[in-house]
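Okay, structure first, notes after.
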Amino acid sequence: MRRPAARQFALVALAGALVSTGAAAPPSAAADAPAKVPVAVGYGGAVASVDADASAAGIAVLRSGGNAVDAAVATAAALGVTEPYSAGIGGGGYFVFYDAASHRVETIDGRETAPATATATLFQENGVPIPFAEGQTSGRGVGVPGTPATWKSALDAWGTRPLGQLLKPAEKLARDGFTVDSTFRAQTELNQDRFKDFPDTAKLFLPGGALPVVGSTFKNPDLAATYAEIGRKGAGAVYRGPLAEDIVHAVRKPPVSPAATRTVRPGDLSSEDLRAYATKRQAPTRVRYRGLDVYSIAPSSSGGTTVGEALNILEGTDLRGLSETQYLHRFIEASRISFADRGRWVGDPAAEQVPTRELLSQRYADSRACLITPDRALTSPLAPGDPRHPAPCAASGPAAPTTYEGENTTHLTVADRWGNVVSYTLTIESTGGSAITVPGRGFLLNNELTDFSFAPAAPGVPDPNLPGPGKRPRSSISPTIVLRDGSPVLAVGSPGGATIITTVLQTLLGHLDRGLPLVDAIAAPRASQRNQSTTELEPGLWNSPVRAQLEALGHAFRQHPEIGAATGVQRLPDGRWLAAAEPSRRGGGSAMVVHPHGRP
């Protein structure tokens, strides 16, 4: 995201000729800034992310002999510098890993957790939910960060390089700076009113009270020093010691400007909460689709169960042979149905009874697929089914609307020379997180607890996503790896809040069913139905004749300028890796391979 955007990508056949376009950075920017292209093909491994500096950090690790896990951590750390409004050590995420030696997919749940004192009324006062904006910009919305612990867990289990070494590229990038582009400036402007109310945030991101200038060099020496400290002491420095104390103090006594007029509620995060944090190693979700094994993350994220259920619903339909209208109709309806079930059944399994296996059964999907007819759209909110007792077209209780979820986050995908693959989505929730920068530390804290329901989604309907002590809020993150006979076919993921699920689903369908090259499946115009009265459409579909054809079936739409920002990697039949990223969304992504011109 830090380089001028590439032009809209047309076809994967042009991969070898792609170049980035736009004005060159001024002399103050790094002279060796990597080029930014949305697709790359070659040997030795691949990295795809939203940012060229971050992708280059991962490629450097692969070139020096590190594996995909090492490269993923280096890439993620760099994104914490160049994508500070989307990710960083103040947030969390989900890590999915394919181990080429064992042909197994394993996962890490690095989701943020609520304080031990949290209750179901965390975001209520006098029995009434507080405004979302007051939870968003507050200490109350901050969960215990999981990202540093995720890096440690991944490296301890599968890495080959020490964390301190892998943080060096990000440390240098923070110290020396990166080139500001229009997306970074626009995201800063979006948060300007929030940022100015926190002196440390304003000093970092609004120096002198002004927005960063496109083409200028943005430096973050405090973050460089924080990375250096974590490199020396290990990821545990975030959970014990001076850095942990600084986090707790910022949450419990948010450093608000005396001139601020907004209500900034303190949080109740404690040193004990930080010390108690642990990631979770858990089995992935898995469904069979078109003879392939599709793996993703299990709850506390709803990504794997919701994408998996939708794929199972569509398994019995020949999507390749359908018209564009009927294909989109079925995609929208499968999304609607799976979101209805998500809202009723998915939460943190440590606190809720989540029927993960039943949600992913083909028997249950078949009992829900009968709701879809070719000539009529369903209406939302749609009532959930009961995966424990599948019955054709049956509902289980009243319908409930889908609760609000912010549309930010970032995703990276990595593969190495040995065939290992990582699909990793990390986040601080809203663009700009809580807006609270930890004083002297250079990073924003998450507002991830706002992913909880502030109150039950509908009166009398069970809601598994209410806050609770130490509980992980439900996520939509959907890092996905697809295997054929135990070997990788592709990996994909996206940011975008609840639209992550529909973005990953549509990308998989576009590639596996509709025959689009991966980069074109990523670039295709998107729709997103999340059990709401209207389906969101990007301009490419909003302005298409297919919209009127879908409206004739009873669909209702609203326009959305941009949905998601996916990246992926694909193993080609000749052994090369293809890395793919967005051509234009969020300023375009960055795809790189180790050896683009042949074997080393």
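Can you run down the residue pairs with Cβ atoms below 6 Å, 6 or more apart or on separate chains, where the first is in the range 573-600 and closer than 30 Å to Ala186 by Cβ and the partner is among the hydroxyl-bearing types (Ser, Thr, Tyr) and modelled with pLDDT of 95 or more?
Final answer for the pair search is Ala581/Thr567; Ala581/Ser590; Gly589/Thr567; Ser590/Ser49; Ser590/Ser55; Met592/Ser55.
If the requirement is being among the hydrophobic types (A, V, I, L, M, F, W, C), under 24 Å from Asp416 (Cβ atoms) and open to solvent by 10 Å² or more (accessible area, probe 1.4 Å), which of these qualifies: Leu204, Leu163, Leu190, Leu167?
Exactly one of Leu204, Leu163, Leu190, Leu167 is among the hydrophobic types (A, V, I, L, M, F, W, C), under 24 Å from Asp416 (Cβ atoms) and open to solvent by 10 Å² or more (accessible area, probe 1.4 Å), namely Leu163.
Exactly one condition in (1) assigned to a loop (DSSP other than H, G, I, E, B); (2) among the small types (Gly, Ala, Ser); (3) touching a residue at least 60 places away in the same chain (Cβ under 8 Å) is not met by Ala395; state its number.
Of everything listed in (1) assigned to a loop (DSSP other than H, G, I, E, B); (2) among the small types (Gly, Ala, Ser); (3) touching a residue at least 60 places away in the same chain (Cβ under 8 Å), Ala395 misses just condition (3).
Could you identify the single residue in Val482, Val546, Val504 that is within 24 Å of Glu106 (Cβ to Cβ) and touching an Asp or Glu at 6+ places or on another chain (Cβ under 8 Å)?
On inspection, the qualifying residue turns out to be Val482.
How do the helices (runs of 4 or more DSSP H) wholly within the range 39-146 filter down when requiring 1 or more residues that are open to solvent by 10 Å² or more (accessible area, probe 1.4 Å) and among the basic types (Lys, Arg): which remain?
52-63
Hey, can you tell me all the residues within the range 195-216 that are part of a helix (DSSP H, G or I), out of contact with any helix residue (DSSP H, G or I) (no Cβ under 8 Å at 6 or more places or on another chain) and on the phi < 0 side of the Ramachandran plot?
Once the filter is applied, which keeps residues that are part of a helix (DSSP H, G or I), out of contact with any helix residue (DSSP H, G or I) (no Cβ under 8 Å at 6 or more places or on another chain) and on the phi < 0 side of the Ramachandran plot, the range 195-216 yields Pro199, Asp200, Lys203, Pro207.
Keeping to the range 113-157, report how many residues are more than 22 Å from the chain's Cα centre (by Cα) and more than 14 Å from Val251 (Cβ to Cβ).
Counting residues in the range 113-157 that are more than 22 Å from the chain's Cα centre (by Cα) and more than 14 Å from Val251 (Cβ to Cβ) gives 15.
Closer than 30 Å to Gly575 by Cα and free of Cβ contacts under 8 Å to residues at least 12 places away in the same chain: is that true of Asp156 in this structure?
Working: closer than 30 Å to Gly575 by Cα: yes; free of Cβ contacts under 8 Å to residues at least 12 places away in the same chain: yes.
Spelling it out, Asp156 is indeed closer than 30 Å to Gly575 by Cα and free of Cβ contacts under 8 Å to residues at least 12 places away in the same chain.
So if I check each of Arg281, Arg286, which one is among the charged types (D, E, K, R), within 24 Å of Glu352 (Cα to Cα), touching a residue at least 40 places away in the same chain (Cβ under 8 Å) and in contact with a Gly (Cβ under 8 Å, 6 or more places away or on another chain)?
Values: Arg281 fails: in contact with a Gly (Cβ under 8 Å, 6 or more places away or on another chain).
Only one candidate passes the filter, namely Arg286.
Identify all residues within the range 371-385 that are open to solvent by 60 Å² or more (accessible area, probe 1.4 Å), closer than 29 Å to Phe452 by Cβ and of a type outside the set (Val, Ile, Thr); write none if there are none.
Pro381
Quick check on the range 398-415: of everything there that is part of a strand (DSSP E or B) and under 11 Å from the mean Cα position of the chain (by Cα), which residue is nearest to Phe97 (Cα to Cα)? Break it down stepwise before answering.
Pass one, the range 398-415, residues part of a strand (DSSP E or B): 410-415.
Right, trim to under 11 Å from the mean Cα position of the chain (by Cα) and you get 410-412.
Values: Thr410: 17, His411: 14, Leu412: 12 Å.
Per the stated criteria, the residue is Leu412.
Quick check: anything in the range 217-231 surrounded by 23 or more Cβ atoms within 10 Å (Cβ to Cβ), out of contact with any helix residue (DSSP H, G or I) (no Cβ under 8 Å at 6 or more places or on another chain) and in contact (Cβ under 8 Å) with a residue 24 or more places away in the chain?
Looking for residues that are surrounded by 23 or more Cβ atoms within 10 Å (Cβ to Cβ), out of contact with any helix residue (DSSP H, G or I) (no Cβ under 8 Å at 6 or more places or on another chain) and in contact (Cβ under 8 Å) with a residue 24 or more places away in the chain, one finds none in the range 217-231, hence no.
Could you tell me whether the range 416-432 includes any residue that is surrounded by fewer than 24 Cβ atoms within 10 Å (Cβ to Cβ) and among the hydroxyl-bearing types (Ser, Thr, Tyr)?
yes
Look at Arg357 and say whether it is at pLDDT 95 or above, open to solvent by less than 30 Å² (accessible area, probe 1.4 Å) and not polar (S, T, N, Q).
Criteria not met by Arg357.
Pick from Arg388, Arg368: which is open to solvent by 60 Å² or more (accessible area, probe 1.4 Å), basic (Lys, Arg) and at pLDDT 95 or above?
Testing whether each residue is open to solvent by 60 Å² or more (accessible area, probe 1.4 Å), basic (Lys, Arg) and at pLDDT 95 or above leaves just Arg388.
Does Asp348 meet the test of being over 24 Å from Ala458 (Cβ atoms) and not aromatic (Phe, Trp, Tyr)?
Judged against the criteria, Asp348 is not a match.
Out of (1) over 21 Å from Gly433 (Cβ atoms); (2) open to solvent by 20 Å² or more (accessible area, probe 1.4 Å); (3) touching a residue at least 40 places away in the same chain (Cβ under 8 Å); (4) assigned to a loop (DSSP other than H, G, I, E, B), the odd one out for Lys172 is which?
Checking Lys172 against (1) over 21 Å from Gly433 (Cβ atoms); (2) open to solvent by 20 Å² or more (accessible area, probe 1.4 Å); (3) touching a residue at least 40 places away in the same chain (Cβ under 8 Å); (4) assigned to a loop (DSSP other than H, G, I, E, B), the one that fails is (4).
Any idea which of (1) over 26 Å from Gln136 (Cβ atoms); (2) crowded, with 24+ Cβ neighbours inside 10 Å; (3) touching a Lys or Arg at 6+ places or on another chain (Cβ under 7 Å) is the one Asp293 doesn't satisfy?
(2)
If you go through the range 278-286 one residue at a time, do you hit one that is farther than 25 Å from Ala154 by Cβ, open to solvent by 20 Å² or more (accessible area, probe 1.4 Å) and not charged (D, E, K, R)?
Checking the range 278-286: not a single residue is farther than 25 Å from Ala154 by Cβ, open to solvent by 20 Å² or more (accessible area, probe 1.4 Å) and not charged (D, E, K, R).
For the range 563-592, what are the residues that are open to solvent by 10 Å² or more (accessible area, probe 1.4 Å) and among the β-branched types (Val, Ile, Thr)?
Residues satisfying the conditions do not exist here.
The values are calculated or read from the model by the stated rules, or taken from the named source; none is laboratory data. Since this is a predicted model, take the numbers as computed values, not measurements. Cβ sites come from the backbone with ideal geometry, for glycine too, and all protein chains shown count toward neighbours. Surface accessibility is based on the protein's heavy atoms, side chains included, excluding ligands, DNA and RNA. Shrake-Rupley method; radii C 1.70, N 1.55, O 1.52, S 1.80 Å.
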